[in-house]
C-alpha cells in the first residue's frame, strides 16, 4: 500500500511566498528573487513529504498565484488584452491576476471566484472566440526535473481539461463543445512530452465531477477522455476528484473510460463509499482513497478510518491512501504553535501532521492486529475524553428559540418607507463596504498593543485618531454613509472570534485565500457566546464625529462559521445559531447606542453550499438563511440592516438571498463585469442593492468615466430608488494612494449622474 497527497500548501512555514510576492509587487525585488523563493519552497516541501513517508509526491501543485491561472498559461489561453500589453511572461501572468495600469496600457484583472465550496479564490479563465490553445509546458517539465534530481517518487498534477472548460468564462459565441475539440490535442501533446520524463503517474484534477453534471456535459467529459486515453505514452493516468461525490459520473469513470487510477473523496463525498460498495471498481484501476480530511485541523480518528480502509480493501486490492483534497486549505505545521496548551494541540493536525497521519494509517493497516499498538491506543484516548467546552446557558438559549426570533417586522416595503423618511439620503447613495487601508502605522499600532509595547490607553488614543482621520476623509470626499475604517481589526472573522467565548486561535495557522492574501481562521472549540460588547465603542466614537450616518460593521454568523475550523461533534446549524445569538446581542447593543445603520457581512454565505443541488436546502440553506435572520431580526423598523457578499456565484440562490430580509445588500460584481444585475432584474429583486462598482483586489485605479459607465449599466437594469453605489469589497488590502483616488472618482461619477438626473426631471 502506498500514500499520496493531492497537493501541499505553498505559502511556506513563515509565509515566505506572501512576503516575496508583496516585495516583488512593490518593485523591491527582481523576478529572479521571486522565482528563487518559489524554487526553495518547492524543494523544502517535497523533501518534507519524502521524510514523512509519502510515496507519491505531487509536482505541479505549487503556484506563484493560482493553479487555474497556471493552467490557462500552460494552455496558452491568454486573452488578447493581456497579449496586447507586450509584457514579459511573468508580468503578463500578474497582469491577468491583478490587472495592469502603466505605460503599456490599462486592463482589468481576470474575474475571481471561490474554488468550489472553499475560501480559496481562483482566477477564472477567459476564452475568446479567437483563443487558440498552445502548449507551454516548460515550467511543469522544469519542476519535474527538479523533483527527479532530488530522487523523489513523484506524480505530476495538472487541472484536467473538463474542469478547466466548465469553470471558464466564454466571451463570444463559441461553447464548451467547440473548445473541447481544440483542447484535446494540447493535452495529448502534454501527455507525449511528460511521457519523455521519469514520471509514472499523471494526475488530472477533475473536481467539477463532484458537482451536478447534465448528460450533455458528461458527453463532453467522455469525448475528451476517450481521445486522451487512447495513447498514454507510458504514463498512468489518474482522474482525481475531491470536495464531494461523483454520483453522476461514477459509471463513466469506472466502466466507460480506461483510467489507471481514480481519486475519490471519502470525507466530503458522502455517496462515494456506497457507489463503490454497490457497483464495485475494476481490478485494473488503482483507487486513490481520500481518507484524511484536507479541510479541517482535527486529528484523524484512526480506528474509524481503519474501519473505512478495511471496507475499501474488500472491494479493491489496488489502494493508495491519500488526503481528501489538497492540503492547501489547512495551515502548514504545528511546529510554530507555542501559545496553546499541549492538551489542546494534541487534537490538531495541520498539513505536516496529516502527512504523518497517512504514514501511521499505512503502518497500522499493514498490521494483522493493530489493537495493541501504542500509536492506536494513544489516538483512541484523544477521542474517548472530553474534547469540546460545553456552555449550558448557550444550549438553553438555542433550545428556547421560536419562529418569532427569525422574523423581521414590519415587512420590507414598510421599513423602506420609514427609513427613507428618516435618513433623507440622495439618489444613488454612496458608501464603502467597511474597511479602509491597513497602513504600516495601523498594523504597528495593533502589533505594539498585542505585544504590550504600548498601554491600552495609548492604543485606543491612536485608533481614535485613525478613525477621526478616516471620518474626515470620507466627509471631504462626499460619501453619504460612512464607516469607522476597522483599524482595530486584523481580520473580519478573526477579530470577532477573539471576542467570543468558545473560539481558540493559533499563532501561525495561516491559510492562503488568494495570491499573497492569507487568513488565520479561528478554531471553534466549544459553545459560542459573546463576552462583552465588541464593536460598540468604536462605532459610537465614529458617529460622534459627524452628522452623517456611520454604519456599525459586523461579520455575520454564517461567514464566521464558514471561515473558521468548525467542531465535529455538533451540527453546523447549531454552531451557526450559537454565533447568530452572539451577533444578535451586538446588533441590539449598537442600536441602543444610537447606530441607525448596521451592516452584518455574510461574505461567505454561499461558500458551504453543497455541490449537488439536491442537498442545498436540507443540508445548508434552510439554516444558513435562518442564522442571518436570527442575528438581524431583533431591531426596530428604523434601523437599516445591510449585508455584503463576496466572490461567488449568486444567480442560483438569488431568491434565498432576497429571503434574508436585509434592507440593503452589496455584492462583489466588478470582476464579473456586473453580470449579476441581469439576474437581479429577472427575479425582481426586492432588497436595495449596491453591485460593486470597481474591483478593490487590484491596484488599478478606475476613472470616473469608467465608473459612470458602470452605474449607467446598472440603472439600465435596476430601479433608481433601489441602487446604492460602492466599491465591491473592503479597502483593507489597498494603499491610501490607490483607495482615495478611486473613491474620489466614484463620487465624481455619482455627482455627475445626479446632475443629469435632476436636469432630466425638470
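The values are calculated or read from the model by the stated rules, or taken from the named source; none is laboratory data. Predicted, not measured: the structure shown is a model, and the values here were computed from it. Here Cβ is always computed from backbone atoms with ideal geometry, including for glycine, and neighbour counts include all displayed protein chains.
Quick look at the values:
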read-out: Entirely in the range 500-602, the helices (runs of 4 or more DSSP H) that have 2 or more residues that are under 28 Å from residue 622 (Cβ atoms), over 21 Å from the mean Cα position of the chain (by Cα) and modelled with pLDDT of 95 or more; value: 572-592
read-out: Filter result for residue 585 (under 30 Å from residue 247 (Cα atoms) and not assigned by TED's automatic domain parsing to the domain that holds residue 348); value: no
read-out: Residue 594 being closer than 21 Å to residue 485 by Cβ and touching a residue at least 24 places away in the same chain (Cβ under 8 Å); value: yes
read-out: Failed item in (1) assigned to a loop (DSSP other than H, G, I, E, B); (2) exposed (fewer than 15 other Cβ atoms within 10 Å of the Cβ); (3) touching a helix residue (DSSP H, G or I) at 6+ places or on another chain (Cβ under 9 Å), with residue 408 passing the rest; value: (2)
read-out: Test: residue 387 is out of contact with any strand residue (DSSP E or B) (no Cβ under 6 Å at 6 or more places or on another chain), within 30 Å of residue 300 (Cα to Cα) and in a loop (DSSP other than H, G, I, E, B); value: yes
read-out: Residue list for the range 320-331, restricted to those being out of contact with any helix residue (DSSP H, G or I) (no Cβ under 6 Å at 6 or more places or on another chain) and either outside any loop (DSSP other than H, G, I, E, B) or free of Cβ contacts under 8 Å to residues at least 40 places away in the same chain (or both); value: 320, 322, 323, 328, 329
read-out: Residues of the range 658-672 satisfying the condition of being at pLDDT below 95 and touching a helix residue (DSSP H, G or I) at 6+ places or on another chain (Cβ under 9 Å); value: 667, 668, 669, 670
read-out: Checking residue 491 against (1) surrounded by 15 or more Cβ atoms within 10 Å (Cβ to Cβ); (2) at pLDDT below 95; (3) over 27 Å from residue 66 (Cα atoms), the condition it does not meet; value: (3)
read-out: Subset of the range 426-453 [surrounded by fewer than 17 Cβ atoms within 10 Å (Cβ to Cβ) and on the phi < 0 side of the Ramachandran plot]; value: 426, 427, 439, 440, 441, 443, 444, 447, 448, 450, 451, 453
read-out: Members of the range 78-104 that are closer than 14 Å to residue 126 by Cβ, crowded, with 16+ Cβ neighbours inside 10 Å and out of contact with any helix residue (DSSP H, G or I) (no Cβ under 8 Å at 6 or more places or on another chain); value: 81, 99
read-out: Lone qualifier among 262, 253 - being part of a helix (DSSP H, G or I) and in contact with a strand residue (DSSP E or B) (Cβ under 8 Å, 6 or more places away or on another chain); value: 253
read-out: Elements of type helices (runs of 4 or more DSSP H) in the range 1-77, at least 3 residues being surrounded by 19 or more Cβ atoms within 10 Å (Cβ to Cβ), touching a residue at least 24 places away in the same chain (Cβ under 8 Å) and assigned by TED's automatic domain parsing to the domain that holds residue 337; value: 31-51, 67-74
